[in-house]
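Worksheet for the structure shown next.
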Amino acid sequence: MKRTLSTSFAGLFAAAVLLSGCGQNGATVESSQQPTTQEPRSIVGTWGSDEKSHPYLTFSADGRVEGTDGCNGIFTSYEQTNDGAELEPYISTRRACVGIDPWLKDVTRVAMNGDELVAYSGSDRLGVLKREGDTPGPVHS
């Protein structure tokens, strides 16, 4: 009887040890794997290019966008998304500009990537603008 009791106790102890590791449906959750909720970063501010014609877009907190494709002015509104913004169809001046690549003139949406803003026309990537500062408003003349 002594042998049966100690064998049963050893079996129960082993089962308890095995089952104690099965909390939360057997899964272990690491703290680094916890989902985080982050506010989307603000797009408000001026984003520009170092190109000779210096194209830029300035996003205001009130939903307006203004800037230039390096030759013609761009004026519209936007709606911020999780990764950037969707731009409404815009009005623009129509000057002929020799030697300028107005790649920014067709922008329909932008996506933030750190301090860079990738400009798209539909699914076509047009180019990249860099954050020029956190204060909204044009910094160009």
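If you go through region 82-121 and pick out every residue that is among the hydrophobic types (A, V, I, L, M, F, W, C), surrounded by 12 or more Cβ atoms within 10 Å (Cβ to Cβ) and out of contact with any Phe, Trp or Tyr (no Cβ under 6 Å at 6 or more places or on another chain), you end up with 10. For region 122-136, residues that are within 15 Å of Glu66 (Cα to Cα), open to solvent by less than 70 Å² (accessible area, probe 1.4 Å) and in a loop (DSSP other than H, G, I, E, B) total 1.
The values are calculated or read from the model by the stated rules, or taken from the named source; none is laboratory data. Computed from a prediction, not measured in an experiment: that's the story for all the values here. Because the Cβ atoms are built from the backbone with ideal geometry, glycine has one as well, and the counts that use them run over all protein chains shown. Heavy atoms of the whole protein, side chains included, go into the accessibility calculation; ligands, DNA and RNA do not. Shrake-Rupley method; radii C 1.70, N 1.55, O 1.52, S 1.80 Å.
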